[in-house]
1. Give the number of residues within the range 169-202 that are closer than 22 Å to residue 148 by Cβ and without any contact (Cβ under 8 Å) to a residue 24 or more places away in the chain.
2. Counting only residues that are modelled with pLDDT of 85 or more and either on the phi > 0 side of the Ramachandran plot or within 20 Å of the chain's Cα centre (by Cα) (or both), which one in the range 197-230 is surrounded by the fewest Cβ atoms within 10 Å (Cβ to Cβ)?
3. Quick one: in the range 36-46, of everything that is touching a helix residue (DSSP H, G or I) at 6+ places or on another chain (Cβ under 6 Å) and assigned to a helix (DSSP H, G or I), which residue is farthest from residue 120 (Cα to Cα)?
4. Taking only pairs six or more apart or across chains, which ones have beta-carbon atoms under 7 Å, a first residue in the range 227-246 that is more than 15 Å from residue 86 (Cβ to Cβ), and a second residue that is at pLDDT 90 or above and not in a loop (DSSP other than H, G, I, E, B)?
5. Considering (1) in contact (Cβ under 8 Å) with a residue 60 or more places away in the chain; (2) within 17 Å of the chain's Cα centre (by Cα); (3) outside any helix (DSSP H, G or I), say which one residue 26 fails and leave the rest.
6. Please go through the range 154-183 and pick out each residue that is out of contact with any helix residue (DSSP H, G or I) (no Cβ under 8 Å at 6 or more places or on another chain) and farther than 18 Å from residue 115 by Cα.
7. Criterion first (without any contact (Cβ under 8 Å) to a residue 24 or more places away in the chain, within 17 Å of the chain's Cα centre (by Cα) and farther than 16 Å from residue 166 by Cβ) does residue 21 satisfy it?
8. Quick one: is residue 94 out of contact with any strand residue (DSSP E or B) (no Cβ under 9 Å at 6 or more places or on another chain), in contact (Cβ under 8 Å) with a residue 60 or more places away in the chain, within 18 Å of residue 21 (Cα to Cα) and surrounded by fewer than 20 Cβ atoms within 10 Å (Cβ to Cβ)?
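The values are calculated or read from the model by the stated rules, or taken from the named source; none is laboratory data. Quick caveat: nothing in here was measured; it's all calculated off a predicted structure. Heads up, the Cβs are rebuilt from the backbone with ideal geometry, glycines too, and the neighbour counts pull from every protein chain shown.
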């Protein structure tokens, strides 16, 4: 297959990927789950440290408990988010809901487990001196790479997925529930299933707005006011997706 055709197909998958928050109850064949996990296995990582492991969760009682724990975590997030003016609040936290549908209804949840000890594979400099995001940033980028590939391959298979970040208070309860050792972490949960409804197309800035050649074009630098207006517009564009649950 010609390189251009492969690149075009990959770009199509990237553009089709959506954050899915409503799932059909249809089970996912094990071979599809394995393809998704295989993609995560091949993610990029600093010095090939490969800090990720995956827990595949299908048991409904376990998913119900995860959802229950997430409600408690959301309440803590909401108490902080409500201090913003309403039009700038994250759309999922305009109001406090009693349940998180993706974690209850998704046929499969993949818990992305990380081992920070693997950062020793890379140079020690990054663990002690700010750079590339600060100490520990390489580990989080490694985990993000794996999570993104899980979501992309799910999209290529006609499945929906959601990147669900795990807060520290919620993580402790999750680790106990899933029997995860103290040395490890659970930064992300990825519910996966067949989408129940069609998620709307996401908003992206134009390529001409974000690409510079040779040097940064300061005429396009966004002021604080520009960023404020951008956030207002972003909220208007994304609120509908949260309201429809897709």
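1. Summing the residues that are closer than 22 Å to residue 148 by Cβ and without any contact (Cβ under 8 Å) to a residue 24 or more places away in the chain in the range 169-202 gives 2.
2. My answer is 214.
3. Across the range 36-46, the extreme among qualifying residues is 36.
4. 246/195
5. Of the numbered conditions (1) in contact (Cβ under 8 Å) with a residue 60 or more places away in the chain; (2) within 17 Å of the chain's Cα centre (by Cα); (3) outside any helix (DSSP H, G or I), the odd one out for residue 26 is (2).
6. 158
7. So residue 21 does not fit the description; no.
8. Yes.
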